[in-house]
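Data first, discussion second: the structure below is written as structure tokens.
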Amino acid sequence: QVQLVESGGGLVQPGGSLRLSCAASGSTFSIDAMAWYRQAPGKERELVAQITSGGDTHYADSVRGRFTISSNNAKNTVYLQMNSLKPEDTAVYHCNIDYYLIGDYWGQGTQVTVSS
């Protein structure tokens, strides 16, 4: 059974930084892509950043230049380094892992709050 365990959320002041982690376990299938999504209250879930198995990355316009996605394939872990955080980055952040053949799975979410 696939499990995704997220960590690293919290409360931070504007301009601060946080690093999210998501560790995947329970599958022997290869991973095609890893991603972070977020959902703010009253808004739809949106893609924040994605990294493919080949190392290609994609960022939402709102976070490009401030956030960096990376992965440790040996540990099946994806990270999101978030710098220069803004109040509008406040949301629940979810990791998503897309496995070859068996589809994608979601983490439970971690709250990020940017406030002074």
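The values are calculated or read from the model by the stated rules, or taken from the named source; none is laboratory data. Just so it is clear, the model here is predicted, and its values are computed rather than measured. Counting neighbours? That spans all protein chains shown, and the Cβs are built from the backbone with ideal geometry, glycine included. With ligands, DNA and RNA removed, areas are computed over all heavy atoms of the protein, side chains included. Shrake-Rupley method; radii C 1.70, N 1.55, O 1.52, S 1.80 Å.
For the range 55-82, the tally of residues that are touching a residue at least 24 places away in the same chain (Cβ under 8 Å), assigned to a loop (DSSP other than H, G, I, E, B) and either touching a Lys or Arg at 6+ places or on another chain (Cβ under 8 Å) or on the phi < 0 side of the Ramachandran plot (or both) stands at 2.
May I ask you to list the residues in the range 20-47 that are outside any strand (DSSP E or B) and either over 15 Å from V92 (Cβ atoms) or touching a Lys or Arg at 6+ places or on another chain (Cβ under 6 Å) (or both)? Matches in the range 20-47: G26, S27, T28, F29, S30. Just so you know, in the range 55-103 the residues that are aliphatic (A, V, I, L, M) and farther than 19 Å from L18 by Cα include one that is modelled with the lowest pLDDT, and it is A74.
Taking residues in the range 18-45 that are of a type in the set (F, W, Y), and partners anywhere that are surrounded by fewer than 19 Cβ atoms within 10 Å (Cβ to Cβ) and outside any strand (DSSP E or B), the pairs with Cβ atoms closer than 7 Å and at least 6 places apart or on different chains are F29/Y100; F29/L101; F29/I102; Y37/R45.
Evaluating G42 against the criteria (1) open to solvent by less than 50 Å² (accessible area, probe 1.4 Å); (2) under 23 Å from S116 (Cα atoms) leaves one unmet condition, (1).
Report whether or not N96 is over 17 Å from G15 (Cβ atoms), over 13 Å from the mean Cα position of the chain (by Cα) and not aromatic (F, W, Y). No; evaluated as a whole, the condition is false for this residue.
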